[in-house]
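In what follows, a structure is listed as structure tokens, so that the remarks can point back to it.
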Amino acid sequence: MFSKKLDYLVGAYDVGQFVFIDDCFLYKRERAVTLFNEFIRRGYRFSWKTASVPAWLIDKELLLLMKKSGCTQISVSVESGVSRVLHDIIRKPLQLEIIPVSYGCAGRSGSI
């Protein structure tokens, strides 16, 4: 269904870029991987970006697939640089030591 809507936008309006603004875009990894593979399978030539990607959901494999499917930019959400705030107040599963690793993977894949 989602791909049919993209087909329509690309075909009817020659849309060349999409921005996905969804805090939960990568939460269901299997759904995201299926979507990115569908972009590739359909041969879409548009580029896309996404915002507010939680840092703990990023890894090299996913970033490479995102790039292959047309992703040109991601905005990574770190939430806080203070461990106490992350774990005790806003209760996010982020381990601060993965931030340099996540950014490194993203930079090497060319996604950010």
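The values are calculated or read from the model by the stated rules, or taken from the named source; none is laboratory data. All values reported here derive from a predicted model rather than from experimental measurement. Cβ coordinates were reconstructed from backbone atoms using ideal geometry, including for glycine residues, and neighbour counts include every protein chain displayed.
For a quick check of your reading: which helices (runs of 4 or more DSSP H) sit entirely within the chain and have at least 2 residues that are surrounded by 12 or more Cβ atoms within 10 Å (Cβ to Cβ), of a type in the set (V, I, T) and modelled with pLDDT of 90 or more?
In the chain, the matching helices (runs of 4 or more DSSP H) lie at 29-41.
Looking at G16 and the list (1) touching a Ser or Thr at 6+ places or on another chain (Cβ under 6 Å); (2) under 15 Å from T72 (Cβ atoms), which single condition is not satisfied? Failing condition for G16: (1).
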